[in-house]
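The values are calculated or read from the model by the stated rules, or taken from the named source; none is laboratory data. Bear in mind the structure is a predicted one, so any value in this text is a computation, not a measurement. A quick note on method: Cβ atoms are made from the backbone with ideal geometry, for glycine too, and the neighbour counts reach across all protein chains shown.
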Amino acid sequence: VPTEGESRAAFAHIRKQALAHQAAGRRIVVVQGLGFVGAAVAAVVAGARNSAGDPLNVVIGVDRPEADSYWKVAALNAGRAPIASPDPALAGLIAEGVACHSLFATTCEDAYEIANVIIVDVHLDAANRVGGAETDIDVGLASFRSAVQTVGRRMSPDALVLIETTVPVGACTEIAEPILREERRRRGITAPLQLAHAYERVMPGPRYVDSIRAYWRSYAGIDDSSAQAARAFLSTFIDTDVAPLWELPDTTSSELGKLLENSYRSLNIAFMYEWTLLAESLGANLFEIVDAIRVRKGTHDNMRYPGFGVGGYCLTKDSLLAQWGAEHLLGSDVKLPMTLAALDTNYHMPKHTLDLLRLAVGDDLGGVTVSLLGISYLADVGDTRNSPAELLCDELLAAGAALRAHDPHIAEWRERPHVPLVDDLDLALRNTDAIVMAVPHSEYRRLMPQDIHDAVGRPAVLVDAQNVITDAAASVLREAGWLLIGVGKGHWQSAGYHRTS
Ligand SMILES: NC(=O)c1ccc[n+]([C@@H]2O[C@H](COP(=O)([O-])OP(=O)(O)OC[C@H]3O[C@@H](n4cnc5c(N)ncnc54)[C@H](O)[C@@H]3O)[C@@H](O)[C@H]2O)c1
């Protein structure tokens, strides 16, 4: 981690190049926070070109001079993506941006002074509420407040502040705007404040870049001038022919939009869990039923499939931000019981996979070797935040199972360092008693039944929690003496696949 002096010295070099771009008519865009969202946003904004192929923006990513975040600054400046991504376009954009001097990163807060646009992409956590009352919601506002305060202390008077962080409803007008106004008042700035909210829909999977560049975006400003500035800026890097922008009337609506969007998804997943249990008990294949329903385009084509559980940074917390902000920032007494109950259902969902494992192996898991395939929260993504694998592992270890985990996208499981993480898939599977397929990574989907059998070296138990194994593959394994069971796969249970014949 560089000292403040070193950071300033390095920034002097960046400042010179950025100001030269500005003099040539380009915006200087500072992205505050280089995490899963900010790093990708920085790359996409830096990659925006006019019809002659010249950059429209020069981007300076800013993150904190701390051990757990500075490496992101260093990676970006070296032309590398700070996040492992299956989308080659991300690494390409970063390498190109750094090579043509339109993308930089720094820990130096002087960057805010020269920015035309400041994008806030910092985290804002809410503690998991599981089985508690609405009053148990714990929102960590400190880092968001402090990030916005830094912007207010350093920003140039007419810069646009664009908040992309997912915030509690009401946070723009009740937290960010008062902080910015106060800091600017202290500095004697009288120019009107330009503040807008445009929530991110980025998906860190195989379409990482296009989920920003070619994806619909809603936005709103605290006034017309802020909204217009936001629209003009968003249009520089979003392909608005493919994905037109949608202006909402105010920032509260924009905040609410993000929270509703993710709550809608989370509630749908919880709803399908109930039907998963029903389908299994009736011996039905819920995947096939859902496929048959999904042909109803426009009303049912997005019905969720059964699965292992819900994790990640967003779906596990965004409903909490709606309930908390409504009450604490905007004084609403409306409760969201169904929405919050979904978080509870989703949190406990992996226990069903454990129940299925017990159906095949027996109640006593003491000394049983279990190989867990997949610990990230999403297919082909290297992110373990709030992974549903955590609960399964905790329960398996408490039951005395001998656990091995594998994930092609994760080198270190920071949240569960005591769980052995095996790099090599064959070693993770060798001579195991049971396999749990928890994440449908492409590497697992490509496995043939013979590969699985050969890696283990003998028939074992397989629990498919994510529809990784086709019926054809299951029948091959069954012939070879395997016991199989799967989430949503009642037809395997009615065929007795989980019992020795
Ligand atoms: N991860 C996703 O898929 C996703 C998708 C859409 C929206 N979001 C939302 O976007 C926001 C960011 O999410 P993320 O996944 O990138 O989080 P993250 O934790 O990966 O990144 C946040 C970054 O902000 C940095 N930071 C914090 N305070 C700072 C400050 N004062 N100055 C400079 N840097 C600072 C942190 O060091 C960290 O690198 C959240 O509100 C999240 O809900 C996330």
Quick one: which of Leu76, Leu56 is crowded, with 16+ Cβ neighbours inside 10 Å, hydrophobic (A, V, I, L, M, F, W, C), touching a residue at least 24 places away in the same chain (Cβ under 8 Å) and within 16 Å of the ligand (Cβ to nearest atom)?
Leu76
Among the residues that make up segment 446-461, is at least one of them in contact with a strand residue (DSSP E or B) (Cβ under 8 Å, 6 or more places away or on another chain), among the small types (Gly, Ala, Ser) and free of Cβ contacts under 8 Å to residues at least 40 places away in the same chain?
yes
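This table checks each residue for (1) outside any loop (DSSP other than H, G, I, E, B); (2) within 26 Å of the chain's Cα centre (by Cα); (3) not small (Gly, Ala, Ser).
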site: Asp383; (1), (2), (3): no, yes, yes
site: Ser387; (1), (2), (3): no, yes, no
site: Glu390; (1), (2), (3): yes, yes, yes
site: Cys393; (1), (2), (3): yes, yes, yes
site: Arg404; (1), (2), (3): yes, yes, yes
site: Glu412; (1), (2), (3): no, yes, yes
site: Glu415; (1), (2), (3): no, yes, yes
site: Leu427; (1), (2), (3): yes, no, yes
site: Glu443; (1), (2), (3): yes, yes, yes
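Matching residues to (1) in a loop (DSSP other than H, G, I, E, B); (2) over 24 Å from Tyr377 (Cβ atoms):
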| site | (1), (2) |
| --- | --- |
| Pro408 | yes, no |
| His418 | yes, no |
| Asp423 | yes, no |
| Thr432 | yes, no |
| Leu447 | yes, no |
| Ile452 | no, no |
| Arg458 | yes, yes |
| Ala472 | no, yes |
Pairs, first more than 17 Å from Trp71 (Cα to Cα) in segment 81-95, second surrounded by 23 or more Cβ atoms within 10 Å (Cβ to Cβ) and not aliphatic (A, V, I, L, M), C-beta under 8 Å, six or more apart:
Pro86/Tyr208; Asp87/Tyr208; Ala89/Tyr208; Leu90/Tyr208; Leu93/Gly47
In this structure, is His123 touching a strand residue (DSSP E or B) at 6+ places or on another chain (Cβ under 9 Å) and near the ligand (Cβ under 10 Å from one of its atoms)?
yes
Residue that is nearest to the chain's Cα centre (by Cα) [pool: residues in segment 330-354 that are outside any helix (DSSP H, G or I) and surrounded by fewer than 22 Cβ atoms within 10 Å (Cβ to Cβ)]:
Leu336
Residue count for segment 91-111, restricted to those that are crowded, with 20+ Cβ neighbours inside 10 Å and more than 13 Å from the ligand (Cβ to nearest atom)
6
Odd one out for Tyr219, checked against (1) within 13 Å of the ligand (Cβ to nearest atom); (2) under 24 Å from Leu320 (Cβ atoms); (3) buried (at least 22 other Cβ atoms within 10 Å of the Cβ)
(1)
So which of Ile83, Ile114 ends up being surrounded by 15 or more Cβ atoms within 10 Å (Cβ to Cβ), more than 30 Å from Glu327 (Cα to Cα), of a type outside the set (S, T, N, Q) and more than 23 Å from the chain's Cα centre (by Cα)?
Ile114
Quick check, is Asp291 part of a helix (DSSP H, G or I), surrounded by fewer than 19 Cβ atoms within 10 Å (Cβ to Cβ), at pLDDT 95 or above and more than 19 Å from the chain's Cα centre (by Cα)?
yes
Restricting attention to segment 24-68, which residues are at pLDDT below 95 and assigned to a helix (DSSP H, G or I)?
Ala67, Asp68
Members of segment 144-165 that are of a type in the set (A, V, I, L, M, F, W, C) and part of a helix (DSSP H, G or I)
Phe144, Ala147, Val148, Val151
Note: among Val161, Val169, Val209, just one is modelled with pLDDT of 95 or more, within 25 Å of Leu19 (Cβ to Cβ) and within 16 Å of the ligand (Cβ to nearest atom), namely Val161
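Yes/no per residue for (1) under 15 Å from Ile118 (Cα atoms); (2) more than 13 Å from the ligand (Cβ to nearest atom):
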| residue | (1), (2) |
| --- | --- |
| Thr150 | yes, no |
| Pro157 | yes, yes |
| Ile175 | no, yes |
| Leu195 | yes, yes |
| Ala198 | yes, no |
